[in-house]
Amino acid sequence: VVFLVPASIISFTDSTSATEADPITLQCVADGNPPPNITWVKDGGRLKTPARSQPVSKDVRASSLVLSRVRLNDTGEYKCTASNGIGKSDARTMRLSIRGMR
C-alpha cells in the first residue's frame with residue numbers, strides 16, 4: 001500500500017536582513033509523497049538566480065537559494081512553493097531587507 005501525502009513545508013528561512021555584498025542563503029524544506037518540487041519567486045516574478053534542490057530523505061526535499069553577493073535590488077518578498085500533484089500546494093513567504101554598505 002502506498003500512501004499519497006500532499007506537499008507540506010516543514011521549515012523555511014524567516015524574514016531576515018543582510019548588508020550589501022554579503023552572502024545569504026534562503027532555505028525551504030518540504031515533505032510529501034511523492035517527494036515535492038520546490039519553486040521560488042521574488043515579488044511575484046521569476047528569479048534570475050537558480051535554486052539548488054536536494055533530497056534530505058526519501059520524502060523530504062530541501063531547496064536553497066544562494067545569493068553570493070546581495071545587492072540593494074535583492075530586497076523583496078521571496079516565496080517558496082512546494083507541490084507534488086496531491087492536494088493543494090504549500091507556500092511560505094519571507095522578506096529580505098538589504099542594508100547599504102557604510
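Please treat every number below as a calculation from the coordinates, not as lab data. On a predicted model such as this, the values are computed, not experimentally measured, just so you know. Here Cβ is always computed from backbone atoms with ideal geometry, including for glycine, and neighbour counts include all displayed protein chains.
Which residues does a label at ASP43 reach in the stretch 61-75, if reach means a backbone N under 14 Å from a point 7 Å past the Cα toward the Cβ?
71-75
What length, rounded to one decimal in nm, is gained on full extension from SER8 through to THR25, with 0.36 nm per residue of separation minus their alpha-carbon distance?
Between SER8 and THR25, full extension yields an extra 4.1 nm.
Note the count of lysine pairs whose C-alpha atoms are less than 21 angstrom apart in the chain, limited to pairs 8 or more residues apart or on different chains.
Close lysine pairs found across the chain: 5.
Given (1) 6.4; (2) 8.7; (3) 7.5 as candidate values of mean projected area of the Cα convex hull in nm², which corresponds to the one derived from the coordinates?
Computing mean projected area of the Cα convex hull in nm² and matching it to (1) 6.4; (2) 8.7; (3) 7.5 gives (1).
What residues qualify as long-range amide H neighbours of ALA7, i.e. H under 5 Å apart, gap of 5 or more or another chain, H built at 1.01 Å from N?
When sequence neighbours closer than 5 places are left aside, the close amide H contacts are ASN84, ILE86.
Just to check I understand the Karplus step: with θ = phi - 60° and J = 6.51 cos²θ - 1.76 cosθ + 1.60, what whole-Hz values come out for the stretch 15-28, glycine and proline as x?
Values, residue by residue: 3, 8, 9, 8, 8, 3, 6, 6, x, 8, 10, 9, 10, 9 Hz.
In nm, to one decimal, how far is the modelled label at THR93 from the one at SER15, with both set 7 Å along Cα→Cβ?
About 1.0 nm separates the two model spin labels.
With charges set only on the Cβ (+1 for Lys and Arg, -1 for Asp and Glu), what does the dipole of the chain come to about its Cα centre, in debye to the nearest 20?
In debye, rounded to 20, the chain gives about 260.
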